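The structure appears below as structure tokens.
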Amino acid sequence: MDNPFTYGGIVTDQHFADRAAEMEELSREMQNLNRVFLVSPRRFGKTCLLFNLMARLRQEGMAVAYLDLNACPDLASLAVSLTQATSRVLETNTEKLLKAFSALKRLRPRVSVGADGGISAGVELAGESREGVFALLEGMRHAEDLARRKDRKLVVVMDEFSDLPKYNGGTVEKAMRSEIQQHTRIGYIFSGSEHAVMLAMCRDRRRAFYKMGRLMELGPIPRGVYAEFVQGWMKKGGRTVSRDDLDRLFFLSDDIPYNIQRMCHTLWEQTRDVPSVSRDRIEGLPHLIARQDSAHFELVWQSASQQQKALLMALAEEPKAKPFSRDFQLKYAIGPSSSIKASLESLVRKGILTRSRSGAYRFADTFMRYWVLNLGEPS
Ligand SMILES: Nc1ncnc2c1ncn2[C@@H]1O[C@H](COP(=O)(O)OP(=O)(O)O)[C@@H](O)[C@H]1O
Ligand SMILES: [Mg+2]
């Protein structure tokens, strides 16, 4: 039997755990063509949730377009992607699409020939690239008009939306807001991992997206439901794992779905010959995965200064420590507080640590903590 615990990519159908309530809620919001800001730290499963949701919305008869802001380095490419993605789901006839595109001013039709010899209709910027914002607005308007003509409901999903400020924020936000507010055929989901950026966008009254939609925070998957999912697959594969041991696994994973999938995947491979799971095996998982990823952690480690390394080692030992406390600084011979502050900020900027809303600093990658703990030990 293939390993049922997949990680890293997009996980769908029977390999996708829970999120039933979120699917229900988002589906209802999109049926009503509302706007939702979806927020969680990285690797909590936003993109997976969105792909499963999109499949459901399509089944429910809606047209759905997906955009990843990560894949759009500038406004011009965002304009092109948005126009193409929205138009193609509403109109599949290439000739009609080209005709529709030829009515645009800031964008013009472009025909591309695929590997199979088939042609597809796309757009490119008609003017200079600094006119990207106007092209984007035109593309958005075009999507709304096309949805009306086709009498369809359209859902536009923008992933990695906390990247928006990279397009020179303010102006783009304002322009998008006034356009979106005129739309009656399109529901929007803006999904992002940078909590502070997302929150400021929709909760700060000075910002353009203030109160434009509701904020939905994606938390961990409840342990009970995730345990059923894991135990179900384990049983199918002739393995048993106790709820108690699974709770330990969830604890070690920080309840982050990516970590849970990764650990369960590894556990599955380890138990191909020995079908029952021992507590020792569970305890060993994060160390094993840390070793598998060591080439990556090595590079990350090299990017840190001596003082930052000392701090990371101390935080690995005591994840709950208060780095500004005198005891902590004395114990690990680090400090003073001012330089610790600078180090922490730099480590957050580098993406090695994350700062939780309660102000605690954690390793962004749970497994890196184990790699640091094992430094100096023979591998
Ligand atoms: N509901 C889920 N069921 C199973 N695995 C999941 C689920 N949600 C997330 N994952 C795992 O976590 C990984 C990261 O999820 P992803 O959707 O990319 O997170 P995000 O977009 O929030 O950064 C996925 O590749 C998958 O392995
Ligand atoms: Mg994602």
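A short reminder: the numbers here are calculations on the coordinates, not readings from a lab. Keep in mind it's a predicted model, so treat the numbers as computed, not measured. All Cβ positions, glycine included, derive from the backbone under ideal geometry; neighbour counts span all protein chains shown.
Quick look at the numbers
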| item | result |
| --- | --- |
| Relative exposure of ARG108, ARG349, judged by other C-beta atoms within 10 Å (fewest first) | ARG349, ARG108 |
| Alpha-carbon centroids, the range 89-108 and the range 333-365: separation in whole Å | 50 Å |
| Percentage relative contact order, the range 19-217, counting C-alpha pairs under 8 Å, at least six apart | 32 percent |
| Isotropic mean projected area of the C-alpha convex hull, the chain (nm²) | 22.7 nm² |
| Principal-axis tilt of helix 257-270 within the chain, Cα atoms, nearest 10 degrees | 60 degrees |
| Shape category assigned to the range 246-379 from the gyration tensor of Cα positions, a/c cut at 1.5 | prolate |
| Structure-based [θ]222 nm, the chain - -39500 (n - 2.57) summed over DSSP H runs of at least 4, per residue, nearest 500 | -15500 deg cm²/dmol |
| The chain: angle of helix 132-150 to the longest principal axis, Cα-based, in degrees nearest 10 | 70 degrees |
| Distance between the range 127-147 and the range 222-291 - C-alpha centres, whole angstrom | 48 Å |
| Using alpha-carbon coordinates, inclination of helix 169-180 to the longest axis of the chain, degrees | 50 degrees |
| Gap separating the Cα centres of the range 150-172 and the range 24-41, nearest whole Å | 14 Å |
| In the range 240-338, the chymotrypsin sites (Phe, Trp or Tyr not before Pro) that fall in loop regions by DSSP, at most 15 other Cβ within 10 Å | PHE324 |
| Check: the range 1-126 dipole with +1 on Lys, Arg Cβ and -1 on Asp, Glu Cβ, in debye | 540 debye |
| Computed over the chain: relative contact order in percent, which uses C-alpha pairs under 8 Å that are six or more apart | 18 percent |
| Relative exposure of SER191, SER27, judged by other C-beta atoms within 10 Å (fewest first) | SER27, SER191 |
| Reciprocal mean inverse distance between Cα atoms of the range 223-292 - Kirkwood radius, Å | 11.9 Å |
| Cα convex hull of the range 19-217, projected area averaged across orientations, nm² | 11.1 nm² |
| Nitroxide proxy distance, nm - points 7 Å out along Cα→Cβ at LYS235 and ARG149 | 5.4 nm |
